[in-house]
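A.B. asks: The structure follows.
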Amino acid sequence: YGMTNEEILNPVGDDGRFAAALPLFGGMSIWDANPKIIDTLKEHGHLLHTGKLLHSYPHCWRHHTPIIYRATTQWFVGMDLPGADGRTLREIARQAVADTTFYPAWGRARLAGMVDSRPDWTLSRQRNWGVPLPFFLHRETGELHPDTPALLETVAQRVEQDGIEGWFALTAEDLGVDPAVYRKLTDTVDVWFDSGTTHRTVLRRLAGQRYPADMYLEGSDQHLSLIQISEPTRPY
């Protein structure tokens, strides 16, 4: 089942600078550009008032430094995209919920409600640990590398050989990707998504194990965590 990537205007890069192609302020740090943006608005008569306020938000709770909110690339499970058999993942999930016995019983209604009513589920997180999303994105457009399927297979083989660190040790040049044009994605898979899917791989690979499992143990917050669509932005 595919993943969707919504197109959103995102003129600020991971380094806190405006995109080079942006008129007037391209390539500038947002902090350096702020007073120049105000001056430009004044020059064109589009600024009603400007002033400063003393406040503590938004600041990073850990670093105590100012943060900015950005529209960043996120990756979602396409719940309503048809699979090979023509059924959507939402339809399959609904059937799985109906075929499963829940303890306590009220867990069924809670999970069924989530499956029925929520849009596509996010699976990307901006963290420095976890299972990676091994993608290369165009530095200007944010588009996936055209050879992504082949790159994924190469990375999968490397991870199978060297473990998860195999991806983190790889450089763009190792895979024949131009680092000046494409950046290596550092996002990881949501940890709750990990725990909800690894049982499939584990049970299929362990000799003598039955698949599917007779019982699957979940925390009550697991399916809820899959629905979060944002993460705190990192400070610049």
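The values are calculated or read from the model by the stated rules, or taken from the named source; none is laboratory data. Predicted model, so just to flag it, every value in this text is computed and none were measured. Neighbour counts are summed over all protein chains in view; Cβ atoms, including those assigned to glycine, are modelled from backbone coordinates with ideal geometry. For accessibility, only protein heavy atoms count, side chains too; no ligands or nucleic acids. Shrake-Rupley method; radii C 1.70, N 1.55, O 1.52, S 1.80 Å.
A.B. asks: Run down Ala98, Ala20, Ala84 and say which single residue is open to solvent by 60 Å² or more (accessible area, probe 1.4 Å), touching a Gly at 6+ places or on another chain (Cβ under 9 Å) and of a type outside the set (S, T, N, Q).
C.D. replies: Going through Ala98, Ala20, Ala84 in turn, just one is open to solvent by 60 Å² or more (accessible area, probe 1.4 Å), touching a Gly at 6+ places or on another chain (Cβ under 9 Å) and of a type outside the set (S, T, N, Q): Ala20.
A.B. asks: Tell me, which residue of the stretch 131-188 that is polar (S, T, N, Q) and either in contact (Cβ under 8 Å) with a residue 40 or more places away in the chain or not in a loop (DSSP other than H, G, I, E, B) (or both) is surrounded by the fewest Cβ atoms within 10 Å (Cβ to Cβ)?
C.D. replies: Step by step, filter the stretch 131-188, then rank; the result is Gln161.
A.B. asks: Let me ask another. When the stretch 30-60 is examined, which residues are found to be closer than 30 Å to Arg139 by Cβ and open to solvent by 100 Å² or more (accessible area, probe 1.4 Å)?
C.D. replies: Selection gives Trp31, Lys36.
A.B. asks: Looking at Arg94, Arg90 in this structure, which one is assigned to a helix (DSSP H, G or I), within 25 Å of the chain's Cα centre (by Cα), more than 21 Å from Ser124 (Cα to Cα) and at pLDDT 85 or above?
C.D. replies: Among Arg94, Arg90, only Arg94 is assigned to a helix (DSSP H, G or I), within 25 Å of the chain's Cα centre (by Cα), more than 21 Å from Ser124 (Cα to Cα) and at pLDDT 85 or above.
A.B. asks: Of the numbered conditions (1) at pLDDT 75 or above; (2) exposed (fewer than 11 other Cβ atoms within 10 Å of the Cβ), Arg205 satisfies every one except a single condition; which is it?
C.D. replies: Checking Arg205 against (1) at pLDDT 75 or above; (2) exposed (fewer than 11 other Cβ atoms within 10 Å of the Cβ), the one that fails is (1).
A.B. asks: How about the stretch 1-60: which of its residues are modelled with pLDDT under 85, polar (S, T, N, Q) and over 30 Å from Asp80 (Cα atoms)?
C.D. replies: Listed by number, the list holds a single entry, Ser56.
A.B. asks: Where the second residue is open to solvent by less than 40 Å² (accessible area, probe 1.4 Å) and among the aromatic types (Phe, Trp, Tyr) and the first is touching a residue at least 24 places away in the same chain (Cβ under 8 Å) and lies in the stretch 11-30, which pairs have Cβ atoms under 7 Å and are six or more apart or on separate chains?
C.D. replies: Note: pairs meeting the criteria are Val12/Phe18; Ile30/Phe18.
A.B. asks: Taking Ile67 as meeting all but one of (1) surrounded by 13 or more Cβ atoms within 10 Å (Cβ to Cβ); (2) among the hydrophobic types (A, V, I, L, M, F, W, C); (3) modelled with pLDDT of 85 or more, write down the number of the exception.
C.D. replies: Exception for Ile67: condition (3).
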